[in-house]
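Read through the structure below, which is laid out as C-alpha cells, and then see the notes.
The values are calculated or read from the model by the stated rules, or taken from the named source; none is laboratory data. Since the model is a prediction, treat every value here as computed from it, not as a measurement. Virtual Cβ from ideal backbone geometry, glycine too; neighbours counted across all protein chains shown. Just the protein is used for accessible areas: all its heavy atoms, side chains included, with ligands, DNA and RNA removed. Shrake-Rupley method; radii C 1.70, N 1.55, O 1.52, S 1.80 Å.
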Amino acid sequence: MSRTPTTPAELAAADRARIIHPYLPGSAEERVIMTEGSGLRLTDAEGRSYLDATGGLWLAQIGHGREEVARAAYEQMAKLEYFTSFWEFSNDRAIELATKLTSIAPEGLGHVYFTSGGSEGNEAAIKMARYYHHRRGDTNRTWILARHKAYHGIGYGGGSATGFPVYHEGFAPMMPHVSHLTPPWPYRSELYNGEDPTDFLIAELEQRIAEIGPGNIAAMIGEPIMGVGGMLVPPADYWPRVREVLDRHGILLILDEVVTAYGRTGSWFAAQHFGVRPDIIVTAKGITSGYIPLGALLVGDHVAEVLLRDHGFPMGYTYNGHPVACAVALENLAIIEREGLLARATEIGGYLHRELTAQLGDLPVVGEIRSVGMMLAVELVADRATREPLPMLQPLLPDVIRRETGVIVRDCAHSLVLSPALIMTEAEAKEAVAAMRQVLERVTPAGELRD
Ligand SMILES: Cc1ncc(COP(=O)(O)O)c(C=O)c1O
C-alpha cells in the first residue's frame, strides 16, 4: 500500500501520477496545490499566498473560508444528510430554497428544478424545452439555436450548443439539430458588415429561423454575457429584440446564467439587468459560492404547467434538491443579502473597471476594457488600429502573472478576465490591476514577454 503523500513535493508527485486534470497535458510539471482560503486569499501547500481575482471558476461571490457556511452544512448533515426528491419525496431545505429563489427570480419564473451544476442544468433545460413542445403536440420542435463562442458546459446537449470547435473535436457525433449564430461582440465590428450589431444579429436570427422552419425550433439558449467567449457584453437592445423575435415564432428562450446569476452583474439575475423575460434560467456556481456543488433551473410557470401534466417530467438526478447543498445555498444567499453584495458588485466592479482603464488603458496591447458588475475583461490586441488579436505565446499570461505576483487571473482566448468575489476591497482591486500592469507592460505586439 502506498503512503499518504504529505509534503508539497510528495503531493505534487502523487497528483502527477494519479489525477487527470481538465486541460492539463501529462507532460506538465507544475502543480499549485491549494490548502487554505480566506476572503480572496488562498494559500498553497508550500505556504505561498495568492490573491484570487478569478473567484475560483467565477463563483466565489462571498469569498473563501466563511465559517457560517461550514456551520450550516454541519448542522444540516447532522440532521438529515440526504434523501431523494424523486416522486412525492422532498425535504424542508429544498422547499425553503425553492421559495427563496422564486422570490428573487424575474416574474413568472415560479418553479425550480434542482441539479448539481451548470452542465447538468443545461442538459435539463434543453430536454425541458423539447419535452414542453412534445407534450403540447408540437413534436417537430427539436432544433436548438445557440451562438458561436458560447459555453454551455460539457454534456452532449449543452456541449453541442457550446460554440467552440475545440470542445467538439474528438467527441463527435455531437447532438444533431443545433445551429450556431454570430455572437454579440460590438468591439469586433468586422463581424457585422458595418451594420449596427443588433440589427445584423436580429436579421441573421430571422433568416436562420426561416431556413430551419419556425415550427422545427424548440429553443434558443444563450449566456446573457458570454463568459468563456471573453465576457462579451451585448448591446442593451439585443436581448429584448431577440425575445420579441422568439415570441413571434413560439420559440422558448433559455438563459444560461451559470456565471451571471446571484449578484455577479449587480442584480440577482442578468435577465433583470437586461430587462428580458426568459422561459427558463439555468443557474449553478454562485448559488453556493462553490462551497458545495448545486445548480437550479428557474422555470416559467407556463412551461412547468406542461411538464407537470400526466406522469410529470421524466428525468431526475440522484442529487436533485440535496438538503446539505440547499442549506449551504440558503446561507450563501443570506450572506449576499446581509452584506449588500448586489450593490457592492456594481460599486467595486466600477472601481475595478476604472482602475483597469487608468493603469492599463495606455498600453499598446490593450484593445478594449469591458465589464458589467464583477465580470470584467481586458481584450488584448497586436495593434489597436486593426484590432488584430494578440498572439498567444507560451508561457500563457495568467501563468506569468501568477508566478511573478501571486495574483490569479484567467485568459479566455486573447482576453484576460476577472470575476473576483463580490467582497473584494479597493486595495485588493489595486493589487490585482498592478499585477496585470507589471506583466502587460512588457508584452510585445508579437505576444512575447520582454524581461
Ligand atoms: C455559462 C456556463 N454554462 C455552463 C457551465 C458549466 O457548468 P459546470 O462546470 O458547473 O458544469 C459553465 C462553466 O463555466 C458556464 O460558464
(message) Pull out all pairs, ordered by first then second residue, where Cβ-Cβ is under 6 Å, the residues are six or more apart or on different chains, the first lies in the range 324-336 and is under 17 Å from A105 (Cα atoms), and the second is of a type in the set (S, T, Y).
(response) A329/T288; N332/T288; N332/S289
(message) Given the condition open to solvent by less than 30 Å² (accessible area, probe 1.4 Å), aliphatic (A, V, I, L, M), in contact (Cβ under 8 Å) with a residue 40 or more places away in the chain and not in a loop (DSSP other than H, G, I, E, B), answer yes or no: does some residue in the range 180-188 qualify?
(response) no
(message) Any residue in the range 202-226 that is under 26 Å from S419 (Cβ atoms) sitting within a Cβ distance under 6 Å of a residue that is open to solvent by 50 Å² or more (accessible area, probe 1.4 Å) and at pLDDT 95 or above? List the pairs, counting only those 6 or more apart or interchain.
(response) M226/K149
(request) Give the residue that is farthest from the ligand (Cβ to nearest atom), with candidates limited to residues of the range 258-296 that are among the hydroxyl-bearing types (S, T, Y) and part of a loop (DSSP other than H, G, I, E, B). (result) S267
(request) Among the numbered conditions (1) surrounded by fewer than 17 Cβ atoms within 10 Å (Cβ to Cβ); (2) within 16 Å of the ligand (Cβ to nearest atom), tell me where M375 comes up short. (result) (1)
(request) Could you pull out the residue among V306, V328 that is over 22 Å from the mean Cα position of the chain (by Cα), β-branched (V, I, T) and farther than 22 Å from G222 by Cα? (result) V306
(request) Kindly provide the set of residues from the range 123-152 that are away from the ligand (no atom under 12 Å from the Cβ), of a type in the set (G, A, S) and in a helix (DSSP H, G or I), ordered by number. (result) A129
(message) Going by what's in this entry, would E120 be described as in a helix (DSSP H, G or I), open to solvent by 50 Å² or more (accessible area, probe 1.4 Å) and within 16 Å of the ligand (Cβ to nearest atom)?
(response) yes
(request) Write out, first by first residue and then by second, each pair whose Cβ atoms fall under 7 Å of each other, whose residues are 6+ apart or on separate chains, and whose first residue, in the range 145-171, is in contact (Cβ under 8 Å) with a residue 40 or more places away in the chain and hydrophobic (A, V, I, L, M, F, W, C) while the second is more than 8 Å from the ligand (Cβ to nearest atom) and open to solvent by 90 Å² or more (accessible area, probe 1.4 Å). (result) none
(request) Can you work out which of the residues in the range 103-117 that are farther than 18 Å from L253 by Cβ and crowded, with 24+ Cβ neighbours inside 10 Å is nearest to the ligand (Cβ to nearest atom)? (result) T115
(message) Looking only at the range 297-306, filter to residues that are out of contact with any His (no Cβ under 7 Å at 6 or more places or on another chain) and either open to solvent by 10 Å² or more (accessible area, probe 1.4 Å) or in a loop (DSSP other than H, G, I, E, B) (or both); which one of those is farthest from the ligand (Cβ to nearest atom)?
(response) E305
(request) Quickly run through the range 226-257 and pick out the residues that are within 12 Å of the ligand (Cβ to nearest atom) and under 19 Å from E120 (Cα atoms). (result) M226, G227, V228, I254, L255, D256, E257
(request) Could you check Y131 against (1) aromatic (F, W, Y); (2) open to solvent by less than 70 Å² (accessible area, probe 1.4 Å); (3) more than 17 Å from G300 (Cα to Cα) and say which number it fails? (result) (3)
(request) Please work out which one of (1) surrounded by 12 or more Cβ atoms within 10 Å (Cβ to Cβ); (2) part of a loop (DSSP other than H, G, I, E, B); (3) touching a Lys or Arg at 6+ places or on another chain (Cβ under 9 Å) is the condition E46 fails and give its number. (result) (3)
(message) For a quick check of your reading of the model, give me the residue pairs whose first member lies in the range 11-28 and is within 17 Å of D399 (Cα to Cα), whose second is open to solvent by less than 50 Å² (accessible area, probe 1.4 Å), with beta-carbon atoms closer than 6 Å and at least 6 apart or on different chains.
(response) none
(message) Here is a check on your reading of the model: is L380 crowded, with 22+ Cβ neighbours inside 10 Å and over 23 Å from G290 (Cα atoms)?
(response) yes
(request) Among the residues of the range 392-411, write down those that are open to solvent by 50 Å² or more (accessible area, probe 1.4 Å) and modelled with pLDDT of 95 or more. (result) R403, E404, R410
